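Worksheet for the structure shown next.
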Amino acid sequence: MDAQHLVNLAYLVAAVLFIFDLKWMAHPRTAVRGNRAGALGMLIAVIATLCSPAFQEYSTAGIGWTYILIGLGVGAAIGAFAALRIKMTSMPELVGLFNGFGGAASILVAAAAIMAAVSSDYFTLRQGPLAADDEARILQMQIATVVTALIGSVTLFGSFVAFGKLAEFLAVKWKLHTWQKLVKYGFMAAVIGGGVAYVATFGFGLYTAVVLVSAVLMCVVLNAKSDSFPGLKALKMVSLLGSLLLCVIVVLHADMREDVLVTIGKPPLIQDFSAFWALVAVAGLLGVCLTFSIGGADMPVVIALLNSYSGLAAAATGFVINNNVLIISGALVGASGIILTNIMCKAMNRSLANVMFAKLGPTSDTPDAEEVYKNVKVTSADEIAMMLETCERVVIVPGYGMAVAQAQHAVRDFASLIHEKYGCEVEYSVHPVAGRMPGHMNVLLAEANVPYEQLKEMDETNGTIEQADMVLVVGANDVVNPVARTDPTSAIAGMPIIDVDRARTVVVIKRSLSPGFAGIPNPLFAMDNALMFFNDGKDAFVQIIEAIKES
Amino acid sequence: MEVLIMLLTIFVLAILVGFEVITKVPPTLHTPLMSGSNAISGIAIVGALLAAGTIGPAYPTAAKVLGTIALVFATVNVVGGFLVTDRMLRMFRKR
């Protein structure tokens, strides 16, 4: 057993620890331990790498500590600073940003690896023709590099756009149509341009002509209207995959020509990485386009999807550098992101394609807001306090508005007060897509010391909500809109909602009657058992607390 | 080819393990799950270390520089990810 075997065994230990990390995430009691197990796994992987004989491949001099220490030091300082200073309400931004960093790291590692592999001296070091094994290895490396560049770049640029939107410095709202066109034509141009570049590089022959013609054909198919004839959708999918394959071919061959592979020792023609970086740029543009038109309540889906991509990019990098632990960890993260994406889409009763490309909004037969809100009743803090005296069971439904108003501490104070004074049982009903990322509301409430047992899932509370004496909706709108159940033509038809309208009394704390993300009016506000308390989320609870204390 | 197939096997099995393990995580913990898994995806740090730390006249400087930048990104991901997850999870645990 040589040193590399020991390193690989250490990687195995790290991978197992990562799996336990995720396994222990299943319960808050074990989750802290799980996360630390993951951190330990990472430490083991890093130490094992630093002991790896792979460093000796080019020189027996050892390790270049300077760059390593600079990289680790700068990274650790930034990471620790961000992690310890970030506010819990800004968690979606941070996670979005970190997703992007994962993508960036993957691209750069793959790029560095392929640069090292094709550097001329590397080949002259190994005299003689390449064995079949080496050729297969090089091919695997190239394909994986292209895949890494694609996924990693979409992740990187997509995440930065998502971050910008969440941090609200990217508030530009382009019409979706413009973006779709831009993607479509840009993609076409890239595919045809790639084909032409390919022919230009290798001369006109049968093989290159086929590549060029198929590039043009695929663009035509992709550009055709989807309902021209049956089966076109499937054809489009095939074309899309085909064009990806094409870009693999083009990028590969620009990097490394076959004659270089077989004639080792000759000065190579493969120092040109422009195709690789062009691919990164195109994929980055794709990432920007994908995320640019998505906003607001659809953000959880995007964040979860990018989370998945950051994992898949790491896994693809694992294929580039032949490393198990990267592949396993990347696959775990990829799976996690896919599951979360799926959960988010289900919680909105929409497909992923619908979230990414379709516009959510009022349909032609959406009732007029003024008509819907004719019978809205307005209440006050004093009235709410009075009603609470007789309440036994109170359910609080938080939404993104609670995060914006930073109301979580006031909500928590309110809950403990009514529990002490009136003996109310309080629980929180959290919709899966409430907030800007999966589980956003739960983190905020946990920050405000709300006990874990009081945080209920939508399905749990829906079963018992009829026994609730009062439901307080704070900063949520679409997720409590009964139209989802009643009107099959509505934009949110079929979306699972929290059935607050079935409770005895519903108090909606909201600054105005403005619509939520879906842009449709909410008949809940005008129901007989509903009362509106127009106020900022935090002020509302502060006032109610005062009113209760005075009574 | 054998190596590739072996790696693919590992990849597919790991995805299946991931599905199995992660479906059990309750929605309440989805945010820490994301930031935690994000930290794990910082495993690219392994590749970044190799790319940044390899020396020798035959090793291209460009690769070294790219590796170092990658190392910064990956370390931010790892350190930041695990720390912030720990911070969040401790909030869930208390009381």
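Just so you know, all these numbers are worked out from the coordinates, no wet-lab data involved. Model, not experiment: these values are computed from the prediction. We place every Cβ from the backbone using ideal geometry, glycine too, and count neighbours over all the protein chains shown.
Quick rundown of the values:
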{"read-out": "Alpha-carbon centroids, the stretch A:1-45 and the stretch A:504-531: separation in whole Å", "value": "47"}
{"read-out": "Estimated distance in nm for a label pair at A:Val213 and A:Arg504, the labels positioned 7 Å out from Cα along Cα-to-Cβ", "value": "7.8"}
{"read-out": "Label point distance in nm, A:Thr30-A:Tyr185, each placed 7 Å from Cα along Cα→Cβ", "value": "5.6"}
{"read-out": "Pairs of Cα atoms farther than 26 Å apart, the stretch A:282-432, %", "value": "54"}
{"read-out": "Isotropic mean projected area of the C-alpha convex hull, the stretch A:414-551 (nm²)", "value": "8.5"}
{"read-out": "Amide H partners (placed H, <5 Å) of A:Arg393, local residues excluded", "value": "A:Glu425, A:Asp469, A:Met470"}
{"read-out": "Selected from B:Gly81, B:Gly56, B:Gly36 as most flexible by GNM, with chain B as the system and alpha-carbon contacts under 10 Å", "value": "B:Gly56"}
{"read-out": "At most 16 other Cβ within 10 Å, DSSP loop - trypsin sites (Lys or Arg not before Pro), the stretch A:338-440", "value": "A:Lys359, A:Lys377"}
{"read-out": "Under 5 Å, built H, 5+ apart or other chain: amide partners of A:Leu531", "value": "A:Val506, A:Val507, A:Val508"}
{"read-out": "Global form of the stretch A:470-514, assessed from the alpha-carbon gyration tensor, a/c cut-off 1.5", "value": "oblate"}
{"read-out": "Among the listed pairs A:Lys421/A:Lys549; A:Lys23/A:Lys346; A:Lys377/A:Lys456, those beyond 18 Å (Cα-Cα)", "value": "A:Lys23/A:Lys346; A:Lys377/A:Lys456"}
{"read-out": "Top of B:Val76, B:Val17, B:Val46 by mean-square fluctuation, Gaussian network on chain B, Cα under 10 Å", "value": "B:Val17"}
{"read-out": "Rounded tilt (10° steps) of B:61-75 against the dominant C-alpha axis of chain B", "value": "10"}
{"read-out": "Positive-pole candidate from A:Met458, A:Tyr428, A:Gly439, dipole of the stretch A:419-472, charges at beta carbon", "value": "A:Gly439"}
{"read-out": "Of A:Thr66, A:Ala113, A:Leu12, farthest towards positive along the dipole that unit charges on Lys, Arg, Asp, Glu beta carbons give the stretch A:1-113", "value": "A:Leu12"}
{"read-out": "Length released on extending from A:Thr489 to A:Gln56, taking residue separation times 0.36 nm less the Cα-Cα span", "value": "149.3 nm"}
{"read-out": "In Hz, Karplus ³J(HN,Hα) per residue of the stretch A:38-53 (6.51, -1.76, 1.60; θ = phi - 60°; x = Gly, Pro)", "value": "x, 5, 4, x, 5, 4, 4, 4, 5, 4, 4, 4, 5, 8, 6, x"}
{"read-out": "Alpha-carbon centroids, the stretch A:80-107 and the stretch B:45-95: separation in whole Å", "value": "13"}
{"read-out": "Cα extents of the stretch A:1-126 along the three principal axes, largest first (Å)", "value": "55, 33, 22"}
{"read-out": "Amide proton proximity set for A:Ala491, modelled H, under 5 Å, gap of 5+", "value": "A:Thr363"}
{"read-out": "Estimated FRET transfer efficiency when R0 is 35 angstrom, pair B:Val12-A:Glu420 (beta carbons, to 0.05)", "value": "0.05"}
{"read-out": "Theoretical gain in end-to-end length, A:Asp528 to A:Glu392 [0.36 nm per residue, Cα-Cα removed]", "value": "46.9 nm"}
{"read-out": "Degrees between helix B:30-41 axis and first principal axis of chain B (Cα, 0 to 90, nearest 10)", "value": "20"}
{"read-out": "Net dipole in debye of the stretch A:432-551 [+1 Lys, Arg Cβ; -1 Asp, Glu Cβ; about Cα centre; nearest 20]", "value": "260"}
{"read-out": "Gain in span if fully extended, A:Val16 to A:Glu466, counting 0.36 nm per residue against the direct Cα distance", "value": "157.5 nm"}
